Amino acid sequence: MRTAGSLAILIFALGLSLTACKSRDGKDNPMTDPAVVYERAHRALTNADYPQAIKIYEALMARLDIIYAYYRAGEPESAIDAADTFIAENPTHPRVDYAWYLKGLTDFERMPNFMERWFRVDLNKRPPTEARRSFNSFQTVVEQYPNSEYAHDSRRRMVYLRNRLADYEVAVARYYVSRGAYVAAAQRAKVSIEEFDGAPAVRDALEIMIECYDRMGLKELAAQTRQMYRTNYEGEAPDPQANKKKWWRPWS
């Protein structure tokens, strides 16, 4: 964020630009009207002159628009700080849903980019901090402001984020299985099912729970989970032991 000194300079500069708009007879020109200055800031934003738009919006304290300006200028921390401030100070504002949406959008676009996918980085092993924050922001829009014009897009993005978060929980559960921590693995898989119902990874989570219960000798829980698997998916859950090759028969 900019310092108080730099903000004072911006306001002073804005004042000079307004003073320069006086007519020849010494009277104020309509350009000194704050509404006109606001229009100039909006024009700068529309023309993708984001640094100039930020300067004017800061001086005018147009916080909703400055959130968007920060977001488009690639300053996510400033965008989120501005959104949090607006939400805290204006909880009943008629456009507070827009602040929540922009906050979610900012975190959504901070997630791993195409270069990491190109080099096949395993994103499921990376804590999805931004994804979870983004999901929560979009969820606020959908649940608290269902009639918002941003609700549909928020819901669509939530589906993607739900799948991403479920994949991470399953990846963690698999890691615990590999370490023999079956209680922790079963609990992590259970979280994936309860919090992200409908995600493709739920099927894998059920299989992990069945394996863990079998290994811990919890036959009743294993049977219940198998029944849940049959109810939602055709056939039986695959036996993880059946796919493991014997060390003396590597060709099997």
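The values are calculated or read from the model by the stated rules, or taken from the named source; none is laboratory data. Owing to the predicted nature of the structure, the values given are computational and were not obtained by experimental measurement. FYI the Cβ positions are ideal-geometry reconstructions off the backbone, even for glycines, and counts take in every protein chain you see. To get the accessible areas, we keep the full protein, side chains included, count just its heavy atoms, and leave off ligands, DNA and RNA. Shrake-Rupley method; radii C 1.70, N 1.55, O 1.52, S 1.80 Å.
Some observations on this one:
- Whichever residue in the range 130-165 is among the acidic types (Asp, Glu) and more than 20 Å from residue 197 (Cβ to Cβ) and, among such residues, is farthest from the chain's Cα centre (by Cα): 149
- Breaking point among (1) closer than 24 Å to residue 109 by Cβ; (2) buried (at least 16 other Cβ atoms within 10 Å of the Cβ); (3) among the charged types (D, E, K, R), for residue 190: (1)
- Answer residue from the range 80-115, given it is open to solvent by 50 Å² or more (accessible area, probe 1.4 Å) and assigned to a helix (DSSP H, G or I) and is modelled with the highest pLDDT among those: 100
- All of 171, 184 fail the test of being assigned to a helix (DSSP H, G or I) and closer than 18 Å to residue 225 by Cα, apart from 184.
- Restricting attention to the range 39-78, the residues being outside any helix (DSSP H, G or I) and at pLDDT 85 or above number 6.
- Within the range 140-174, being farther than 21 Å from residue 107 by Cβ, in contact (Cβ under 8 Å) with a residue 24 or more places away in the chain and not charged (D, E, K, R) holds for 170, 173.
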